[in-house]
1. Please compute the net charge surrounding Phe43, taking Lys and Arg as +1 and Asp and Glu as -1 over other residues with Cβ under 11 Å from its Cβ.
2. In the range 25-134, which trypsin sites (Lys or Arg not before Pro) are in a loop and have at most 14 other Cβ atoms within 10 Å, using DSSP for the loop call?
3. Quick check: pseudo-label points 7 Å beyond the Cα along Cα→Cβ at Ser76 and Ser165, how many nm apart are they?
4. Based on alpha-carbon centroids, what's the gap between the range 65-79 and the range 96-166 in Å, whole number please?
5. Residues of the range 132-171 with backbone nitrogen within less than 15 Å of a virtual label 7 Å along the Cα-to-Cβ line of Glu112, please, listed as ranges.
6. Just order 74-81, 111-118 by mean Cβ neighbour count inside 10 Å, highest at the front, would you?
7. In the range 101-172, what trypsin sites (Lys or Arg not before Pro) fall in a loop by DSSP, with at most 14 other Cβ atoms inside 10 Å?
8. What does the C-alpha gyration tensor say about the overall shape of the range 44-172? Classify as rounded when a/c is under 1.5, otherwise prolate if a/b is larger than b/c, or oblate.
Amino acid sequence: MAGRTRSRRIGSSGKGENHLIPHGKGVKLMESNPRDYGEQCRFDAFCKKVLRNEARAYLRNMKRQREREAFFSDLSQAELDKLCVVDRYPSDSIVFSSHGYDLHIDNELVAEAFSALPQTAQSILILHCTLDLADGEIGNLVGMSRSAVQRHRTRALQELRETLSALMPKGG
């Protein structure tokens with residue numbers, strides 16, 4: 001037996017290979033108890049089942065996520081506009097008030113043209129634009145007849161159009 005090393009077979013990988021562990025100093029083999037082997041098999045089966053179920057749940061969740069996702073290039077312009085958020089700051093707009101209601105105007109040219117209108121015309125337009133009131137309801141708030149409110153409103157809108165067309169740069 002000179003030149004031969006003693007080794008012990010501990011199992012195979014299923015591919016026809018036997019794994020050998022040298023039997024020598026510092027190597028201590030665990031003795032297995034047949035009762036422990038059954039528990040070990042049940043534990044191994046349990047672990048495999050848990051991992052298999054986790055893999056299935058992961059794949060199911062990934063499939064569900066892929067079905068719900070969409071590329072930005074596939075979205076229509078209306079859907080893209082819903083995703084957009086615009087921050088509004090008080091300093092970004094000019095505020096005109098009448099009867100406790102505010103009209104915020106972001107464009108400086110429009111605000112300049114609106115400020116050039118008489119106070120009554122401003123009040124009528126603010127109530128018309130912010131509350132969407134009819135001429136008769138605005139007349140009750142302002143103290144005018146329905147026809148007078150209509151005249152003031154149409155005249156004010158016409159003045160705004162003329163002023164804005166004069167203030168607009170050529171070609172724009």
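1. Local net charge: 0.
2. Filter output for the range 25-134: Lys25, Lys28, Arg88.
3. Label at Ser76, label at Ser165, 3.5 nm between them.
4. The distance from the Cα centre of the range 65-79 to that of the range 96-166 comes to 42 Å.
5. Under 15 Å, as judged by backbone N against the label point of Glu112, lie 160-170 of the range 132-171.
6. Listed from highest to lowest mean packing, they are 111-118, 74-81.
7. Taking the range 101-172 and a limit of 14 other Cβ atoms within 10 Å, the loop trypsin sites (Lys or Arg not before Pro) found are Lys170.
8. Taking the square roots of the gyration eigenvalues as a ≥ b ≥ c, the range 44-172 is prolate.
Every number here is computed from the coordinates shown, using simple stated rules; none is lab data. The structure displayed is predicted, hence computed values, not measured ones. Neighbour counts are summed over all protein chains in view; Cβ atoms, including those assigned to glycine, are modelled from backbone coordinates with ideal geometry.
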